[in-house]
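Enquirer: Here you go, one structure.
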Amino acid sequence: MFLAIKEMRYAKLRYGLIIGMMVLIAYVVFMLSGLARGLAEEFKKGVDDWQAQEIVLSEEANKTLAASQLTMDDFEQVTAKQKAPIGIYSGAIKDQQQNVTVFGTTNDAFLLPKLIKGHPFKTKNEIIIPENLAKETYQIGDTIKIGNYPEPLKIVGITAENYYTVTPVIYTTLDTWTQLKFGDQPLTTQPINAVVTKEKAQLPTANEMMVSLTIPDLIENIPGYSAQNLTLDAMIYFLFVVATAVVGIFMYVITLQKTAIFGVMKAQGIRNRFIANSLVAQAFIVGMIGVGLAMVLAFGTSFILPEVMPFAIIWSQWLVYSGLFIIVAIIGGLFSIRTVAKVDPITAIGG
């Protein structure tokens, strides 16, 4: 380690370039990771906040909440200690160009998020909205209109931040949701999209038109969720390969430039193992400094990102990535050990 540090101090520019490359690659990985997790959170937060175990959908819905079609008759057939009907409608606030997701359910449903202001909806046309929608635009008592529904919807409560498929989530009564989604269409029974259960649901054997899914399975089947995560994760893993190659190439070039020095060291009786340990120590230091600076830089950047850009820091994940970067830096440094072992002292010093 002493030799490694002394050599890095002597050749500051060379090792500064390697550390700079490591900082840039690790910074991109941390930023991609934050954006990926932030986006994923805004896709699924509304469902995660239910704190439910399973959801019952119609069999032909292909595991997609919005495509499922059930009724309150189906709801009565599902057996579970705690269950709640749920209806989903995607629309936009009139004159505001703000997309929202409206969940319709009962006012005593276990899946309702906790309120930070106001009270739960009780009657038709009352809604509760999330803090990320309220911001400085809406307050309790204000009214909004959604889609083609002509009646104003009164805001009676505000919850913490809530998203579903990257849109704010509004909760309201099943009656209001039905009017929003179906208008004045004649309906013989109350429609819903699904039944959410706190524990494992038991389905009637006589009704084969319903299937139950775990909440993680439902989230994986949200349109675009898995594809987005796989794409961003693939980019992150590819950057680890790039980091290994960059450190390996830089260390190899530096090793070649020091062939004569290594020859002199070997002629003095210094063993290959000592020199190899020095190379590994240098790679370790490069990884540590590079990852540390990149993490600080990415953390600082998160404070200046626009509010509309989803970004979430998962420290456990960043620590795992940091460990991986240090490992790939060491692997990159190992590429040069074979070169050191092949150095002939007589040839290297021109004998």
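The values are calculated or read from the model by the stated rules, or taken from the named source; none is laboratory data. All values reported here derive from a predicted model rather than from experimental measurement. With ideal geometry, Cβ positions are generated from the backbone for all residues, glycine too; neighbour counts draw on all protein chains shown. What goes into the accessible areas is simple: the full protein's heavy atoms, side chains included, and nothing from ligands, DNA or RNA. Shrake-Rupley method; radii C 1.70, N 1.55, O 1.52, S 1.80 Å.
Enquirer: Give me the Kirkwood hydrodynamic radius of segment 149-216, using the inverse of the mean 1/r over all pairs of distinct Cα atoms, in Å to one decimal. Kindly include the intermediate steps, with their values, before the conclusion.
Expert: Values: mean 1/r = 0.0646 Å⁻¹.
15.5 Å is the Kirkwood radius here.
Enquirer: Now for a different question. If you average 1/r over every pair of different alpha-carbon atoms in segment 128-256 and take one over that average, what Kirkwood value in Å do you get? Before the final figure, lay out each step's value.
Expert: Values: mean 1/r = 0.0501 Å⁻¹.
By the Kirkwood definition, the hydrodynamic radius is 20.0 Å.
Enquirer: Cα-based Rg (one decimal) and Dmax (whole number) for segment 180-279, in Å?
Expert: That works out to 31.4, 96 Å for Rg and Dmax.
Enquirer: In nm, to one decimal, how far is the modelled label at H119 from the one at A67, with both set 7 Å along Cα→Cβ?
Expert: 4.2 nm
Enquirer: Just report the Cα centroid separation between segment 37-105 and segment 237-255, whole Å.
Expert: Rounded to whole Å, the Cα centres lie 46 Å apart.
Enquirer: Okay, next question. Percent of Cα-Cα pairs more than 20 Å apart in segment 1-103, please. Please report the intermediate quantities before stating the final value.
Expert: On the way: 3452 of 5253 pairs.
Within segment 1-103, distances greater than 20 Å cover 66 percent of Cα pairs.
Enquirer: Net charge near K63, counting Lys/Arg +1 and Asp/Glu -1 over other residues with Cβ under 12 Å of its Cβ?
Expert: Numbers: positive: none; negative: E59, E60, D217, E220.
Computed value for this residue: -4.
Enquirer: Right, another one. Taking the Cα of N148, stepping 7 Å toward and past its beta carbon, and measuring to each backbone N in segment 185-199: which are under 14 Å?
Expert: 185-186
Enquirer: So if R0 is 30 Å, what FRET efficiency would E307 and E199 give, r being the distance between their Cβ atoms, rounded to the nearest 0.05? Walk me through the numbers on the way to the answer.
Expert: Values: r = 37 Å, r/R0 = 1.24.
So, using R0 = 30 Å, E works out to roughly 0.20.
Enquirer: Beyond 21 Å between alpha-carbons counts as too far, so tell me which of K122/K200; K81/K117; K63/K145; K83/K114; K124/K154; K12/K266 fall in that bin. Mind showing how you got there, number by number?
Expert: Working: K122/K200 28 Å; K81/K117 29 Å; K63/K145 30 Å; K83/K114 17 Å; K124/K154 9 Å; K12/K266 24 Å.
In this structure, K122/K200; K81/K117; K63/K145; K12/K266 exceed 21 Å between Cα atoms.
Enquirer: Let me ask something else about it. With the calculation restricted to Cα positions, what are the radius of gyration and Dmax of segment 177-224 in angstrom?
Expert: Reported Rg and Dmax, both Å: 14.2, 36.
Enquirer: Per residue, what volume in Å³ does the convex hull of the Cα atoms of segment 221-291 enclose? Display every interim value, and only then the final one.
Expert: Numbers: hull volume 6.5 nm³, N = 71.
With only Cα atoms used, segment 221-291 gives 92 Å³ per residue.
Enquirer: For segment 69-213, what is the relative contact order in percent, using Cα pairs closer than 8 Å and at least 6 residues apart in sequence? Walk me through the intermediate numbers first.
Expert: Details: 302 pairs, mean separation 53.9, N = 145.
So the answer I get is 37 percent.
Enquirer: Using the heavy atoms of the protein chains alone and a 1.4 angstrom probe, what is the accessible area of the chain per residue in square angstrom? Before the final figure, lay out the partial values.
Expert: On the way: 17960 Å² over 351 residues.
Heavy-atom SASA per residue in the chain reads 51 Å².
Enquirer: What order do you get for 332-338, 311-317, 97-103 when each peptide is scored by the mean count of other beta carbon atoms within 10 Å, highest first? Each step should come with its number before you reach the end.
Expert: Values: 332-338: 20.0, 311-317: 14.3, 97-103: 18.4.
Final packing ranking: 332-338, 97-103, 311-317.
Enquirer: Taking K and R as +1 and D and E as -1, what net charge do the other residues with C-beta under 14 Å from the C-beta of M251 add up to?
Expert: Details: positive: R14, K258, R338; negative: E7.
Around M251, the surrounding residues sum to +2.
Enquirer: Next question. Say a paramagnetic label sat at a point 7 Å from the Cα of L297, along Cα to Cβ; which residues of segment 3-26 have their backbone N under 12 Å from it?
Expert: Correct set: 17-26.
Enquirer: Using Cα pairs closer than 8 Å and at least 6 residues apart in sequence, work out the relative contact order for the chain, in percent.
Expert: Numbers: 620 pairs, mean separation 98.5, N = 351.
Over the chain, the number comes to 28 percent.
Enquirer: Multiply the residue separation of I140 and D48 by 0.36 nm, subtract the distance between their alpha-carbon atoms, and state the gained length in nm to one decimal.
Expert: On the way: separation 92, 0.36 × 92 = 33.12 nm, distance 2.52 nm.
Fully extending the segment from I140 to D48 adds 30.6 nm.
Enquirer: Near Q77, within a Cβ-to-Cβ distance under 14 Å, what is the net charge of the other residues, with Lys and Arg +1 and Asp and Glu -1?
Expert: Details: positive: K83; negative: E59, D73, D74, E76, E208.
After counting each charged neighbour, the total is -4.
Enquirer: Computed over the Cα atoms, what is the radius of gyration of segment 54-199 divided by 2.2 N^0.38 Å, N being its residue count?
Expert: Numbers: Rg = 14.7 Å, N = 146, 2.2 N^0.38 = 14.6 Å.
In units of the globular-protein estimate, segment 54-199 measures up at 1.01.
Enquirer: How large a share of the accessible area of segment 54-199, in percent, is made up of carbon and sulfur atoms when the probe is 1.4 Å and the other protein chains stay in place?
Expert: 44 percent
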